[in-house]
């Protein structure tokens, strides 16, 4: 068990190192330095030099890379070129939108997908199975930002149930914010739920032909009991894997969906950073998103330990 | 053998999508780059099949031309993935459990750790938004997909007897990979290609929607949706039609790919149904 945890941790650290290196190198390619960009074209060379020193840009590339990484480990993401405030402050204020949105979407997609997948598998080959499969095919083909626009059209413009964008802020109460995040979360969850339901269905169907399932049936369990007690738990491993893999798509989707609903999350922060050439913000937020993805995959690997007792052995 | 209905629907939709795009190379109902403010925001009519946008451009014509963008970007991105991914996968399978195999598979995992859109954003932040950068961003993520599928399929072929006889005949790993492994897994790779192609269309639409894909005045489905967003309350057809077009194209290609896979691998079909 420890060697399993250790090998997963090695993957986690290697991925982060690799990602940080790639991100740093890409930002380095961008022509022009931020100091002269911030001061404009009429700035004196001495002023530029002084600002470079202040921003820590006057040292070698390798030193800057080290500074960046060690800084991030200590929670210091540098100072935004345009806002002149610590990037960590900007990020923290945005996390209050991005994290609840991601969790909400994952929760929705899991709550929808698992019963639907189970339902299709239990009826597999039948009309119900076929219609569920048809709907999931449709769900995969729908671009989530378009689905978001349709949701706005129906629920905000025609029915006026939800606002078309923005969040009221957490000081106004949790329920109001959750309500504001409902349409974005549904838009994000639709393609995820469709894929997850399909995975759940085929994972359950796979277990139906296993010996232990037949044994469970032979020992007198009804079909439904056998599915819930034996097939469900065994199907959880592929389902967990897919939830982990989907997190990366969820992050990507959230960046777009935040733009549809004008949500002040990390995705919009990245876009503002690009428009304003605030590269330290782009660099740090991208690194943070990659960290989130790698961390979630690590947590999924750890969740296997809970689901699959075989991994908990001495090896 | 009974051909599944889903596969037939997939074939029809994909065929329509292809025909629409090819026809647009030679003929479209109305010019898409000429603005005609007098005719703006018209509903569907005999003259304008799906209505006009805020500049008086014919939506149907723009959708036809937008298909060219989608096909070009997605097709080249798939080609990038195949050109780099298939040789890597063949190499990994041929040198199974060696350092090469390990290196290739581990780097695959690392690329998977990046959210694709985040990389696309980085690339456009560095090099500026354009169709080429969208292709690179989507293409990079096709490489590990094809490497993985190729390796998996190739490994199962390597265990077969006719490979052993090819070895006895004195053929090296490279020749066996090219002459025996590749032809046997090609159909599987083409199926994967059709699925990556539909994912590429979705990705291109997403990138163009946030302004990181093709730039105006080239019509693109994603950008049509972005333009329509501010007008959705009084001109919903501007948002509906490009969305439906994307859905039908992606749905068609997915059904085609899934159906083809089932037809090629009857074993899988028995297991699932």
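Quick notes on this one:
So that you can scan it fast, the table gives a plain yes or no per residue for (1) over 19 Å from residue A:110 (Cα atoms); (2) at pLDDT 85 or above:
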| residue | (1), (2) |
| --- | --- |
| A:194 | no, yes |
| A:198 | no, yes |
| A:201 | no, yes |
| A:205 | no, no |
| A:210 | yes, no |
| A:214 | yes, no |
| A:221 | yes, no |
| A:226 | yes, no |
| A:232 | no, no |
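- Selected residue [outside any loop (DSSP other than H, G, I, E, B) and at the interface with chain B (Cβ under 9 Å from one of its Cβ atoms)] from A:226, A:252: A:252
- Which listed residue, of A:46, A:28, is loosely packed, with under 12 Cβ neighbours inside 10 Å, at pLDDT 70 or above and either out of contact with any helix residue (DSSP H, G or I) (no Cβ under 6 Å at 6 or more places or on another chain) or assigned to a helix (DSSP H, G or I) (or both): A:46
- Hits in region B:207-221 - residues which are without any contact (Cβ under 8 Å) to a residue 60 or more places away in the chain and more than 8 Å from every other protein chain (Cβ to nearest Cβ): B:216
- Among residues of region A:122-140 being within 10 Å of another protein chain (Cβ to nearest Cβ) and over 15 Å from residue A:189 (Cα atoms), the one that is farthest from the chain's Cα centre (by Cα) is A:125.
- The listed residues are A:219, A:209, and the only one of them that is within 14 Å of chain B (Cβ to nearest Cβ), free of Cβ contacts under 8 Å to residues at least 24 places away in the same chain and either crowded, with 23+ Cβ neighbours inside 10 Å or over 30 Å from the mean Cα position of the chain (by Cα) (or both) turns out to be A:209.
- Test: residue in region A:161-170 that is assigned to a helix (DSSP H, G or I), out of contact with any helix residue (DSSP H, G or I) (no Cβ under 8 Å at 6 or more places or on another chain) and either at pLDDT below 80 or surrounded by fewer than 17 Cβ atoms within 10 Å (Cβ to Cβ) (or both): no
- Comparison of A:107, A:118, A:90 shows that the only residue that is farther than 16 Å from residue A:252 by Cβ and either exposed (fewer than 15 other Cβ atoms within 10 Å of the Cβ) or within 14 Å of another protein chain (Cβ to nearest Cβ) (or both) is A:107.
- Among the residues making up region A:272-288, those that are modelled with pLDDT of 80 or more and facing chain B (nearest Cβ under 7 Å) are A:282, A:286.
- Within region A:121-156, tally of residues that are more than 23 Å from residue B:199 (Cβ to Cβ) and assigned to a helix (DSSP H, G or I): 12
- Among the residues listed as B:64, B:82, B:105, the single one being buried (at least 18 other Cβ atoms within 10 Å of the Cβ) and within 22 Å of residue B:176 (Cα to Cα): B:82
- For residue A:231, the criteria (1) within 14 Å of chain B (Cβ to nearest Cβ); (2) in contact (Cβ under 8 Å) with a residue 24 or more places away in the chain hold in every case but one, which is (1).
- Failed item, numbered, when residue B:91 is tested on (1) crowded, with 19+ Cβ neighbours inside 10 Å; (2) at pLDDT 80 or above; (3) out of contact with any helix residue (DSSP H, G or I) (no Cβ under 7 Å at 6 or more places or on another chain): (3)
- Residue match in region B:238-248 (condition: modelled with pLDDT under 85, at the interface with another protein chain (Cβ under 9 Å from one of its Cβ atoms) and more than 30 Å from residue B:10 (Cα to Cα)): no
- Residue among B:260, B:226 that alone is over 20 Å from residue B:8 (Cβ atoms) and touching a residue at least 12 places away in the same chain (Cβ under 8 Å): B:226
- Among the residues here, residue A:188 qualifies as within 21 Å of residue B:232 (Cβ to Cβ) and touching a helix residue (DSSP H, G or I) at 6+ places or on another chain (Cβ under 7 Å).
- Complete set of residues in region A:234-249 that are touching a helix residue (DSSP H, G or I) at 6+ places or on another chain (Cβ under 6 Å) and facing chain B (nearest Cβ under 8 Å): A:248
A quick yes/no check of all residues on (1) away from chain A (no Cβ under 12 Å); (2) crowded, with 23+ Cβ neighbours inside 10 Å; (3) at pLDDT below 80; (4) out of contact with any strand residue (DSSP E or B) (no Cβ under 7 Å at 6 or more places or on another chain):
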{"residue": "B:109", "(1), (2), (3), (4)": "no, no, yes, yes"}
{"residue": "B:120", "(1), (2), (3), (4)": "no, yes, yes, yes"}
{"residue": "B:128", "(1), (2), (3), (4)": "no, no, yes, yes"}
{"residue": "B:134", "(1), (2), (3), (4)": "yes, yes, no, yes"}
{"residue": "B:140", "(1), (2), (3), (4)": "no, no, no, yes"}
{"residue": "B:147", "(1), (2), (3), (4)": "yes, yes, no, yes"}
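- Selection within region A:173-218 - outside any helix (DSSP H, G or I) and over 23 Å from residue A:117 (Cβ atoms): A:173
The values are calculated or read from the model by the stated rules, or taken from the named source; none is laboratory data. Model, not experiment: these values are computed from the prediction. Glycine also receives a Cβ, built like all others from the backbone with ideal geometry; neighbour counts cover every protein chain displayed.
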